[in-house]
Amino acid sequence: MCSMEKASLASCEITYFPIKSEDYIGDINKVLKIIEAYPVEVTVGILSTTIRGNSQIIFQLIQEIYSNMAEEGRHFTISMMMSNICGCEA
């Protein structure tokens, strides 16, 4: 991996909390489908999802999650933690 690729590598832990949803599992699955459409490593846990990949791609997918779910009229909270060191070893 070249230094530029390593410099842009990031890991992100994200949790999507549906608010007042009658189909909260469906909402979470929509978010997971958005994440899985991107070229990133994904680990789905019981409480959160960890994403590893290019930082700009991670920012794009978070923007898409926010935009798509808001446009569908969903109410939600997204909790995320992003790092350029934790989980970023090549």
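Every number in this text was worked out from the coordinates using simple rules, so none of it is lab data. This one's a predicted model, so the numbers in the text were calculated from it and none came from an experiment. Here Cβ is always computed from backbone atoms with ideal geometry, including for glycine, and neighbour counts include all displayed protein chains.
Numerical summary
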item	result
Matching residues in segment 16-32 - criterion: being outside any loop (DSSP other than H, G, I, E, B) and free of Cβ contacts under 8 Å to residues at least 12 places away in the same chain	Tyr24, Ile25, Gly26, Asn29
Verdict on Leu61 being touching a Ser or Thr at 6+ places or on another chain (Cβ under 8 Å) and either surrounded by 15 or more Cβ atoms within 10 Å (Cβ to Cβ) or aliphatic (A, V, I, L, M) (or both)	no
Candidate set: segment 33-56, residues that are assigned to a loop (DSSP other than H, G, I, E, B) and out of contact with any Asp or Glu (no Cβ under 7 Å at 6 or more places or on another chain); chosen: the one nearest to Ser83 (Cα to Cα)	Val40
Scan of segment 70-90 for residues that are touching a Lys or Arg at 6+ places or on another chain (Cβ under 7 Å) and under 21 Å from Asn29 (Cβ atoms), ordered by number	His75
Candidate set: segment 8-27, residues that are buried (at least 18 other Cβ atoms within 10 Å of the Cβ) and within 12 Å of the chain's Cα centre (by Cα); chosen: the one farthest from Met80 (Cα to Cα)	Ala10
